[in-house]
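Asker: I have a structure here, written as structure tokens, and I will follow up with some questions on it.
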Amino acid sequence: MAGVGQRLEMRQGQSLVMTPQLQQAIKLLQLSNVELAEYCEAELEKNPLLERDDAAAAVTGDAEGPVAEPIGERADEALSREDFSKASDMDEAAHDNMYDADQVTKSAEGPQSGSLTDWTTVKSGNAYEGEDGLESSVAAEASLKDHLEAQLSIAALLPEDRMILMALIDSVDETGYLRADLMDVATRLGCEIEDVQAVLGVLQGFDPVGVGARDLAECLSLQLKAKDRFDPAMEALMTRLDLVARRDMSQLTALCGVDAEDVADMISEIRQLNPKPGLAFGSEVVTPVVPDVFVKVGPDGGWLIELNTDTLPRLLVNNRYYGTVSKNARDKDSKNYLADCLNNANWLVKSLDQRARTILKVASEIVRHQDAFLTHGVRHLRPLNLRIIADAISMHESTVSRVTSNKYIATPRGLFELKYFFTASIQAVNGAESHSAEAVRDRIREMIENEEPREILSDDRIVALLTADGVNIARRTVAKYREALRIPSSVERRRLKAGVSPAYASR
């Protein structure tokens with residue numbers, strides 16, 4: 001039996017080392033512009049060597065760092081690597097070390113001193129200048145809660161009833177529905193359930209009509225009662241809104257005890273009501289989506305891609321302050337702290353700069369592939385995946401995925417998330433070029449919108465029409481796309497176009 005012993009061995013291998021700086025660079029790449037601004041604010045608070053570059057906003061055209069990339073007039077023009085090198089003065093190896101964590105085999109080198117923020121000094125595209133930024137001056141509207149509390153203040157109620165009503169108002173959501181269980185409210189306030197139910201009747205008498213309802217049927221019933229239209233037939237109809245959604249006229253006529261014409265009139269009257277009365281009042285101001293990239297037509301007829309520099313943080317490293325305080329640092333801990341602050345500040349500025357250049361590079365390649373969409377519309381959207389973009393610009397797919405997350409591009413055809421342009425492909429007939437799934441969905445939508453009431457298109461018929469048009473698609477795929485577009489089946493559309501209107505199936 002061999003003895004147990006110790007020995008030394010040397011092995012050579014590769015492993016992924018994620019340094020804190022590399023993790024930070026990857027994190028910055030996938031942040032939205034709002035999240036990035038919050039992150040930079042936090043860094044400004046804890047790092048004394050970082051400061052805002054307020055002077056950069058006044059510079060109009062002296063910066064050297066590029067923020068725009070022209071795209072050729074033809075969609076099939078191949079952009080060379082040299083074209084992309086104009087958008088970045090960092091070589092590909094440095095870029096890979098910073099962002100392509102899936103390919104890194106050794107830790108990234110430490111940051112160098114100095115800052116690369118020249119891109120922050122260039123204005124955004126003039127095609128979008130002149131906007132007055134109304135979102136920054138939106139006047140605060142009275143919320144639904146404010147409106148209800150104003151009515152509470154003039155209501156003649158006992159003190160205990162007033163307290164119950166205040167608790168109920170706090171439980172009303174922005175659409176006007178009561179989201180609290182009455183028994184829970186009674187238990188919490190130490191009162192009887194009958195008292196809560198009585199006060200709920202007071203709340204449901206407030207404006208807007210329908211507020212305080214616990215479900216859709218109750219909300220509509222309150223509005224019908226206010227119009228004095230809640231007769232026995234309508235009351236029966238309110239109990240089976242599912243039949244209304246399915247346009248089941250036979251069961252509805254039997255349920256309500258009236259003929260089909262009266263049922264159709266009742267459904268039409270219901271459609272005039274407001275299923276969400278609370279939305280008529282103000283709520284929290286929604287922050288508008290701000291594009292990260294602008295696309296406009298260039299002087300040569302091609303596409304010009306520009307970063308929205310207004311969303312890019314302007315940060316500088318205060319080397320003068322570092323030199324002053326480092327001279328006075330006596331102990332080792334102080335010197336280490338200042339060195340860490342300097343390294344972190346330099347790396348953050350460098351990461352922000354490379355993030356901007358990477359977004360520009362990916363957006364430019366996307367526009368090159370989807371040139372036909374920008375020129376002619378959604379029907380000409382080409383199938384696209386992450387690998388195509390990654391191979392074209394020599395990046396890893398994970399990097400492209402991070403860049404396109406929560407990033408938006410403003411085009412002449414509207415504002416889109418960068419991920420919108422990545423669509424699955426549907427094979428064409430006879431080996432022709434594949435079709436984009438988004439384009440096929442749009443064709444299905446247009447077919448159904450233009451169908452005649454006497455010639456409702458079934459899913460099989462749509463498949464036949466698309467196949468004749470060169471699209472190789474299965475019936476289940478057509479049904480899936482139709483349902484994603486919230487388009488009813490051919491049976492339901494036939495009932496609808498025969499004169500029976502839907503109720504609240506989609507509201």
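Asker: For region 206-218, just list the computed ³J(HN,Hα) in residue order, Karplus coefficients 6.51, -1.76 and 1.60, θ = phi - 60°, integers in Hz, with x standing in for Gly and Pro.
Answerer: For region 206-218, the Karplus curve yields 6, 8, x, 5, x, 5, x, 6, 9, 7, 5, 4, 5 Hz.
Asker: I'd like the Karplus ³J(HN,Hα) series for region 296-303: coefficients 6.51, -1.76, 1.60, θ = phi - 60°, whole numbers in Hz, and an x wherever there's a Gly or Pro.
Answerer: 3J(HN,Hα) across region 296-303, in whole Hz: 9, 6, x, x, 8, x, x, 9.
Asker: Nearest 0.05, what FRET efficiency do GLN427 and LYS335 give at R0 = 56 Å with Cβ-Cβ as r? Please list the in-between numbers first.
Answerer: Numbers: r = 65 Å, r/R0 = 1.16.
That pair, GLN427 with LYS335, gives E of 0.30.
Asker: Note down the nm distance, to one decimal, between modelled labels 7 Å out along Cα→Cβ at GLU35 and at ALA484.
Answerer: Rounded to a tenth, the inter-label distance reads 2.4 nm.
Asker: Report the dimensions of region 425-497 along its three principal axes from the alpha-carbon atoms, largest first, rounded to Å.
Answerer: For region 425-497, the Cα extents along the three principal axes come out at 39, 21, 18 Å.
Asker: Moving on. Using 0.36 nm per residue, how much length does the chain from LEU255 to MET163 gain when fully extended, once their Cα-Cα distance is taken away?
Answerer: Working: separation 92, 0.36 × 92 = 33.12 nm, distance 4.12 nm.
Working it through step by step, the gained length comes to 29.0 nm.
Asker: Pull up all non-local amide H partners of GLU51: gap of 5 or more, or a different chain, and H-to-H distance under 5 Å with H placed in the peptide plane.
Answerer: LEU316, ASN318
Asker: Grab the other residues whose beta carbon is less than 14 angstrom from that of ALA198, score K and R as +1, D and E as -1, and report the net. All intermediate terms of the calculation are to be shown ahead of the outcome.
Answerer: On the way: positive: ARG162; negative: GLU160, ASP161, GLU192, GLU194, ASP195.
Here the charged neighbours net out to -4.
Asker: According to a simple spin-label model (label point 7 Å from Cα along Cα-to-Cβ), what is the distance in nm between ASP300 and ASP146?
Answerer: 5.4 nm
Asker: May I ask you to order 320-331, 160-171, 227-238, 206-217 by the average number of other C-beta atoms within 10 Å around their residues, highest value first? Show your work: numbers first, answer last.
Answerer: Values: 320-331: 10.7, 160-171: 17.5, 227-238: 14.7, 206-217: 19.3.
Ranked from most to least packed, the peptides come out as 206-217, 160-171, 227-238, 320-331.
Asker: Region 371-474: which GluC sites (Glu not before Pro) are DSSP loop and have at most 12 other beta-carbon atoms within 10 angstrom? Provide the component values of the computation, followed by the final result.
Answerer: Numbers: sites: GLU397, GLU417, GLU433, GLU438, GLU446, GLU449, GLU451, GLU455; in loops: GLU433, GLU451.
Of the GluC sites (Glu not before Pro), the ones in loops of region 371-474 whose Cβ has at most 12 other Cβ atoms within 10 Å are GLU433.
Every number in this text was worked out from the coordinates using simple rules, so none of it is lab data. Everything quoted here is computed from the prediction, not taken from an experiment. As a convention, Cβ positions derive from the backbone with ideal geometry for all residues, glycine included, and neighbour counts pool all protein chains shown.
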